[in-house]
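The values are calculated or read from the model by the stated rules, or taken from the named source; none is laboratory data. Everything numeric in this text was worked out from a predicted model, so none of it was measured. When we count neighbours, we look across all protein chains shown, and the Cβ atoms used for this are built from the backbone with ideal geometry, even at glycine. Each accessible area value is taken on the protein alone, full model and side chains, heavy atoms only, with ligands, DNA and RNA left out. Shrake-Rupley method; radii C 1.70, N 1.55, O 1.52, S 1.80 Å.
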Amino acid sequence: MKAIIQRVTKASVTVGEDQISSIGRGLCVLFGISVTDTQKDVDYMVRKILNLRVFEDENGRAWSHSVMGRELEVLCVSQFTLQCILKGNKPDFHSAMPAEQAQPFYNNILEQLRQAYKPELIKDGQFGAYMQVHIQNDGPVTIQLESPTGPTDPRLLSKQEKQQQRKEKTRSKGPSESSREKGGLLSKADPSASSGAEGDVSSEQEP
């Protein structure tokens, strides 16, 4: 799971013409839920968000208090685009949890936050809606947080995601690339072959 945590002076969510949620000073948290996330990821995120020391104390000393320590508000917004994987220049969202599973999972995050803190201070956007999120960042202070078992570790990617990556890689190869790869294999087998194959292989890598 990924989260973008912003310290704000105020934040709000509007759907259409209606403002459905707003907070004063506190945190605005954007959540990106992955297909591999479990309750352990929820527990980690809830603990970190509520205890992250990004606020000053009574004497103005920075990085001293958490949102709970100052009894401030938290506005949560589900944002699957945080799980983007670029395929060239096109964003791919296969690592994001499908909406039908993500909605109850996200609701569980909200419930855990409310149980661990004051429920009236945990606000929410509207899952699945086209939202306008207005954030007045304070500082600015923005923290990027990722749970330890997040999907960036290749060993933890789902079988479906690995298969999708292989398919995308196969589709992206043209005839000339396949020929260069074969040439590279031949040069390894034949010591007398030109060493230029290495240059061809490296040229396939995206900057």
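Observations on the structure shown:
- Restricting segment 1-110 to GluC sites (Glu not before Pro) that sit in a DSSP loop and have at most 12 other Cβ atoms within 10 Å of their own Cβ leaves E17, E58, E71.
- Residue-by-residue Karplus 3J(HN,Hα) for segment 73-90, coefficients 6.51, -1.76, 1.60, Hz, glycine and proline x: 9, 10, 10, 9, 9, 7, 9, 5, 5, 5, 8, 5, 10, 6, 10, x, 9, 9
- In this structure, the amide hydrogen of M97, modeled 1.01 Å from its nitrogen in the peptide plane, lies closer than 5 angstrom to those of I33, S34, V35, counting only residues at least 5 positions away or on a different chain.
- Amide H contacts under 5 Å for I20: V13, T14, V15, restricted to partners 5 or more places along the chain or on a different chain, H placed in the peptide plane at 1.01 Å from N.
- Residues S22 and T142, FRET efficiency given R0 of 22 Å [Cβ-Cβ distance, rounded to 0.05]: 0.65
- Cleavage-rule hits, trypsin sites (Lys or Arg not before Pro), segment 1-51, DSSP coil, Cβ neighbours within 10 Å at most 16: R25
- Cross-link pairs exceeding 26 Å between alpha carbons, from the set K48/K87; K10/K48; K40/K90; K48/K90; K10/K118: K48/K87; K40/K90; K48/K90.
- Our estimate of slack between A99 and Q115, defined as 0.36 nm per intervening residue step minus the Cα-Cα distance, is 3.4 nm.
- In the context of the full set of protein chains, residues of segment 1-148 present 52 Å² of accessible surface per residue (probe radius 1.4 Å, heavy atoms only).
- Residues in segment 62-93 that a label on V15 would reach, taking backbone N under 12 Å of a point 7 Å out along Cα→Cβ: 78
- FRET efficiency for the N89 to E56 pair, using the beta carbon distance and R₀ = 45 Å, is estimated at 0.65.
- Close amide H partners of D92, meaning residues 5 or more places away or on another chain with modelled amide H under 5 Å apart, are I85, L86, K87.
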